[in-house]
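All of the numbers you see were taken from the coordinates with simple rules; none came from a lab. Bear in mind the structure is a predicted one, so any value in this text is a computation, not a measurement. Cβ sites come from the backbone with ideal geometry, for glycine too, and all protein chains shown count toward neighbours.
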Amino acid sequence: MPIRAFSTVYKERDEEVRHILGGVQTPSVERVQELLAMSLETSLGLPELAEVLQLGFDQAASEQFETLRAFALANWRKPSGNRLRYVAPIYVSSYCVDTCSYCNFSALREATARKRLNVEELRFEIDAVMSSGARVIELVYATDPEFTTELLAEYVAATAEALGGEEGSGVLLCTEYLTREAYNSLKEAGLNGIIQWDETLDRAAYAHWHDSSPHKRAFDIRMDNHDRALAAGLEVATGALFGLADLRYDALMQIAKARHFLAEYGRGPFVFGAPRLKPIGGHELHLKTCASDRAFETALFAYKLAAPEAGRWLQTREAFEMNVRNMLDDDVFTYRCGDVTPGGYHQIDGSKSVLRSGQFGVNELSRETVETALARRSFAIDYAWVTGRDAACAGALACGDSQRTA
Ligand code: SF4
């Protein structure tokens, strides 16, 4: 059946969001309380969520922001028994034809040490993450033309085989955009879901960052990648890279997109990614659109208010303290990602310098350190959480029991 992809409603949503943001005001404490009470009864609309997001942009709104944080913790952080769903990324290739200036894998970065894992090396990396408990593995690629659909399917199948059908295990894929036929084949090979950050859905900002990228410049085709994956029966993670454009716009467009998925396919994203631009190789990026901590945290709470059944992905771009401050029951979590470089769990070949070969700066931690710190806060990590846990969850990736706790 032909799909009604997000690009068919993009113009409408884009105009709606711009109109809302043109008139949004910082809400008072009383208005924030009213909005939060409303959220218990009904799904907040984009205008109300825009008011919430505005708290991230008004340093005088500290009381309102703390009201929001207290509400989120009271509703989605239990006194005990909170879980975090772990995903272990394995970087497979750092060869890229695209030229995103915010990424160390850009084809223009001649100093970046490149590496492409063969299947044997992939198995070696899988052994490393499995030996530390992980059973949900994300294979991460740049835009590497060597990886045809057939080769991707071989790597997915090798990962699924290593996981051995163990209960709760799963394979996720982060590549550049693919066709629906490719997703059909990859599903056959054992793929559960895809991860794609839209970077920004602001068309002009997207062009600014990506017009020189030969593959990634295709804004509309890339925008519909999640639709093609969903239509093929896969689950999806979506998100924006905060810092490329107005964060309020990007968060609202992601929420609009998640609601589009729900309407078209009966299921939304299993998680919202919330990466934000970070310095590369120690170089600060002085952009007007850089996301402050307040804006970033407000967006995390807005995602939860908008789609309580989805997690937010707390990952190694952020300091552990930042993640701990914001984590809610059933969020997705990563504390180690192989130094965001192929072979990173073993430092196979390439540069021994993470700065020279990693995609961006990360805060990697050991399992023991993290689990000890989390236990003190009544959180435990679930390393094998895919499928069948909740019969009411339509998708293959368990959405758990992300109900309000109060
Ligand atoms: S963000 Fe992705 S597409 Fe862009 S340069 Fe980096 S790896 Fe390539």
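Close amide H contacts of Arg276 (hydrogens built in the peptide plane, cut-off under 5 Å, sequence separation of 5 or more or a different chain): Phe242. Using the Cβ of Val32 as centre and a radius below 9 Å, the other residues enclosed give a net charge of -3, where K and R count +1 and D and E count -1. Charging the Cβ of each Asp and Glu at -1 and of each Lys and Arg at +1, and nothing else, the dipole of the chain about its Cα centre rounds to 420 debye.
Of all DSSP beta bridges located in the chain, what percent are antiparallel, nearest 5? Roughly 5 percent of the DSSP beta bridges within the chain come out antiparallel. Once you have a ≥ b ≥ c as the square roots of the Cα gyration tensor eigenvalues for the range 290-340, tell me rounded if a/c is under 1.5, and otherwise prolate or oblate according to whether a/b is larger than b/c. Here the range 290-340 falls in the oblate category. Considering helices alone, the calculated mean residue ellipticity of the chain at 222 nm is -12000 deg cm²/dmol, with DSSP H runs of length four and up weighted by -39500 (n - 2.57) and normalised per residue. Decide, for the range 52-99, between rounded, prolate and oblate: order the square roots of the alpha carbon gyration tensor eigenvalues as a ≥ b ≥ c, take rounded if a/c falls under 1.5, and otherwise choose prolate if a/b is larger than b/c, else oblate. The shape class here is oblate.
Overall, the range 224-328 carries a charge dipole of about 120 debye about its Cα centre when +1 sits on the Cβ of Lys and Arg and -1 on the Cβ of Asp and Glu, all other atoms neutral. For the range 136-258, the convex hull drawn through the C-alpha positions has a volume of 103 cubic angstrom per residue. In terms of its C-alpha gyration tensor, the chain has a rounded overall shape, because the principal axis ratio a/c (a ≥ b ≥ c, square roots of the eigenvalues) stays below 1.5.
Once C-alpha pairs closer than 8 Å and six or more residues apart are averaged by separation and normalised to the residue number of the range 6-382, the relative contact order reads 23 percent. The lysine pair tally for the chain, using Cα distances under 27 Å and a gap of 8 or more places or different chains, is 21. Each principal axis of the Cα cloud of the range 238-318 was taken in turn, and the coordinate range along them, longest first, works out to 43, 23, 19 Å.
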